[in-house]
Amino acid sequence: MAIRHKRVSTSWSVVEAKAHFDEVIDEVEEGEPQTVLTNGDERAAIVPIDEWGSREPIGNLLEFFARAGLREGELQIPPRTGSARDLEW
């Protein structure tokens, strides 16, 4: 009988995650989101499906601005200073 040791870290390199995918999923099912790293940088997260399904849709840009509470004319964008860059055609 093999003894499995509980992994303390919640981050895995891609190679580790592939080699131990069943353990990654076990941890996720226990409520511990797991992170996959590439070159030490977080690149992906594996979360329980119920957490994934409970995300609210972002919506479109119009809905975003409507939720932001900005009224027409309230957003003030300062004019650009300096000249436009030259483009070669």
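Counting neighbouring beta carbons within 10 Å and listing from fewest to most, the residues L87, L37 come out as L87, L37.
Protection proxy ranking for 74-83, 42-51, 61-70, using the average of other Cβ atoms within 10 Å per residue and placing the highest first: 42-51, 61-70, 74-83.
Read the figures in this text as sums done on the coordinates, not as results from a lab. Just so it is clear, the model here is predicted, and its values are computed rather than measured. Neighbour counts run over all protein chains shown; Cβ positions are idealised from the backbone, glycine included.
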